[in-house]
1. Could you tell me how many of the residues in the stretch 62-72 are farther than 13 Å from Met40 by Cβ and either touching an Asp or Glu at 6+ places or on another chain (Cβ under 6 Å) or not polar (S, T, N, Q) (or both)?
2. For the structure I just gave you, tell me whether Ser69 is surrounded by 14 or more Cβ atoms within 10 Å (Cβ to Cβ) and under 25 Å from Gln170 (Cα atoms).
3. If you take the residues in the stretch 189-243 that are of a type in the set (Ser, Thr, Tyr) and out of contact with any Ser or Thr (no Cβ under 8 Å at 6 or more places or on another chain), which one is surrounded by the most Cβ atoms within 10 Å (Cβ to Cβ)?
4. Among the numbered criteria (1) closer than 26 Å to Asn239 by Cβ; (2) assigned to a loop (DSSP other than H, G, I, E, B), which single criterion is violated by Tyr65?
5. Among the residues that make up the stretch 104-117, is at least one of them without any contact (Cβ under 8 Å) to a residue 24 or more places away in the chain and among the β-branched types (Val, Ile, Thr)?
6. I need every pair where a residue in the stretch 35-47 that is within 14 Å of Val60 (Cβ to Cβ) has its Cβ under 9 Å from the Cβ of a residue that is hydroxyl-bearing (Ser, Thr, Tyr) and outside any helix (DSSP H, G or I), sequence separation at least 6 or different chains.
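The values are calculated or read from the model by the stated rules, or taken from the named source; none is laboratory data. Everything numeric in this text was worked out from a predicted model, so none of it was measured. Cβ sites come from the backbone with ideal geometry, for glycine too, and all protein chains shown count toward neighbours.
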Amino acid sequence: MKKPFVLNRLLHISNESHQKDTNYSIAKTLCDHFYELPSMTIQETADLCYVSCASISRFVRYLGYSGFSEFKESCAKSIGIEADYSNEVKKAQKEDLLPIYTRFTEQILSNIQIAFSELDIEQMDRICGWMQKADKIAVLGLEFSSLVGEHIQSRLMRMHKNVQTSLDFQEQKEIVQNLTNNSLIFILSMEAGYLYHNPEIIDLIQAKGCKVVIITINPYNKQMQFADEILVCGKQNYNTEGRISLLYMVELLLMHYSISYFQNLKMNRPS
């Protein structure tokens, strides 16, 4: 089973748990001591969380790990991951900041201008038509993209359209399994990373035969050929500029859908 990003998963449990149960308490404590976990034993971790070793074992299996050793290894790898920025940013001195921020801003504006210049109103009409007719809508993505998925979910619920999304890969797989050929999937993937990381989910999507829309800066990637529509949100993601233009494209899509939604409300309102 594909594992979720461990820190994101712990944060999700501690932030989103409506019931302050044992899983919430463990997740909250592990987040507070995340950088210590790779050097801790299961007994030390259990003592830290005021639970038994068996409870820790159940919790890491709940996260998708075979045992505490695999969980610790995943934590160590997460700690070793550097920020999503170029070497230029990581090594910047104070005098480098203004030029770096200037280029970052210029690249964001360039991405947005590219997205706007490639905007196709008929394509937006088609996608919004699929959204209106879909029996189910799902939004899939990694990390930041999954947070954007929750934003899409929130906005569309205000227009009586249910959307399913999740940070957890296993839950994403279950979402796809419950779709039909009359469903619609949005995949938010700047550089096709989601497609490379989740071949099992992609195979399942293609077997379902539902409509697929990908939002990306990399529309010519061969991994994306199965998509019914691709929305381009720029070309640059050198220092995470793609996150801003992704949100820009999502806002355009939501705006387009809302215009159709309110027009239909007006037309169907009794005179």
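1. Of the residues in that region, 6 qualify.
2. The answer is no for Ser69.
3. For the stretch 189-243, the residue satisfying everything is Thr240.
4. The one condition Tyr65 does not meet is (1).
5. Yes, the stretch 104-117 has at least one match.
6. Sorted first by the residue in the stretch 35-47, then by its partner, the pairs are Ala46/Ser52.
A quick yes/no check of all residues on (1) of a type in the set (Val, Ile, Thr); (2) touching a strand residue (DSSP E or B) at 6+ places or on another chain (Cβ under 9 Å); (3) in the same structural domain as Asn15 (by TED's automatic domain parsing):
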position: Phe104; (1), (2), (3): no, no, no
position: Met124; (1), (2), (3): no, yes, no
position: Ile127; (1), (2), (3): yes, yes, no
position: Ile137; (1), (2), (3): yes, yes, no
position: Ser145; (1), (2), (3): no, yes, no
position: Gln170; (1), (2), (3): no, no, no
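Residue-wise test of (1) at pLDDT 95 or above; (2) of a type outside the set (Gly, Ala, Ser); (3) farther than 24 Å from Gln225 by Cα.
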{"residue": "Met159", "(1), (2), (3)": "no, yes, yes"}
{"residue": "Ile185", "(1), (2), (3)": "yes, yes, no"}
{"residue": "Met190", "(1), (2), (3)": "no, yes, no"}
{"residue": "His197", "(1), (2), (3)": "no, yes, no"}
{"residue": "Lys211", "(1), (2), (3)": "yes, yes, no"}
